[in-house]
Amino acid sequence: MAAGALIADNAIDFRTALPGGGALLALDVGTKTVGTAFCDAGWRFASPGKTLPRGKFTHDAQLIGDLVAQRSVRGVVIGLPRNMDGSEGPRAQASRAYARNIAASLNLPVLLWDERWSTASAEAAMIGQDMSRAKRAEKIDSHAAAVILQGAIDALAGGAF
């Protein structure tokens, strides 16, 4: 991670920025909403949080900053929507820009984590819980954020970088 940048593309750099661990917040940034998820300070379990309405960045940053303060968050994981071949398109570039803004706003390390299949995985899990279509639509973004975060913390805690 470059000095001052606070943005990592890999778990090794992110883990180095957080030598003592700490609670993490994940964001699944969409065009209309931002799904959130949290994990414990020991990086064991990710749980879905709130789904926030997306607005101007200053509004988003205030809502996210409030969550960070409430949960004593030490780092942020943001889903990076890569194409199936691993390349990055306009959505990935938008997520990178959002990550730069969040890192600057919160002054916390940020990890960009590949989010391919996160929404499909979250939806399958919710269907397995017999959740109604309406409930799934309401909660899909926060559950996808939990899938993203669980993948990241599994790599961070297990050392599979």
Quick check on packing: order 34-47, 9-22, 84-97 by the mean number of other C-beta atoms within 10 Å, highest mean leading.
34-47, 9-22, 84-97
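For the chain, give the share of DSSP beta bridges that are antiparallel, in percent and rounded to the nearest 5; count only bridges with both residues there.
Looking only at bridges with both residues in the chain, the antiparallel portion is about 50 percent.
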On C-alpha positions alone, give me the angle between the axis of helix 90-106 and the longest principal axis of the chain, in degrees, nearest 10.
60 degrees
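What's the long-distance tail for the stretch 7-158, i.e. % of Cα pairs beyond 23 Å? Provide the component values of the computation, followed by the final result.
Working: 3353 of 11476 pairs.
Of all Cα-Cα distances in the stretch 7-158, 29 percent exceed 23 Å.
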Rounding to the nearest 10 and keeping the result within 0 to 90°, find how far the Cα-based axis of helix 133-158 lies from the longest principal axis of the chain.
30 degrees
Cα axis of helix 118-128 to longest principal axis of the chain: angle in degrees, 0 to 90, nearest 10?
40 degrees
By how many nm would the segment from Ala94 to Ala157 grow when fully extended, if each residue of separation counts as 0.36 nm and the alpha-carbon distance is taken off?
19.9 nm
Given labels modelled 7 Å from the Cα in the Cβ direction, how far is it in nm from Leu67 to Met84?
2.9 nm
Among the lysines, which have Cα under 21 Å from the Cα of Lys135 when same-chain residues fewer than 8 positions away are ignored?
Lys32, Lys50
Label points 7 Å out from Cα along the Cβ direction at Lys32 and Ser47: separation in nm?
2.8 nm
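Read-outs: derived from the displayed coordinates by stated rules, not from any lab. Treat the numbers as computed from the prediction; the structure is a model and nothing was measured. Note that each Cβ is placed from the backbone with ideal geometry, even for glycine, and that neighbours are counted across all protein chains shown.
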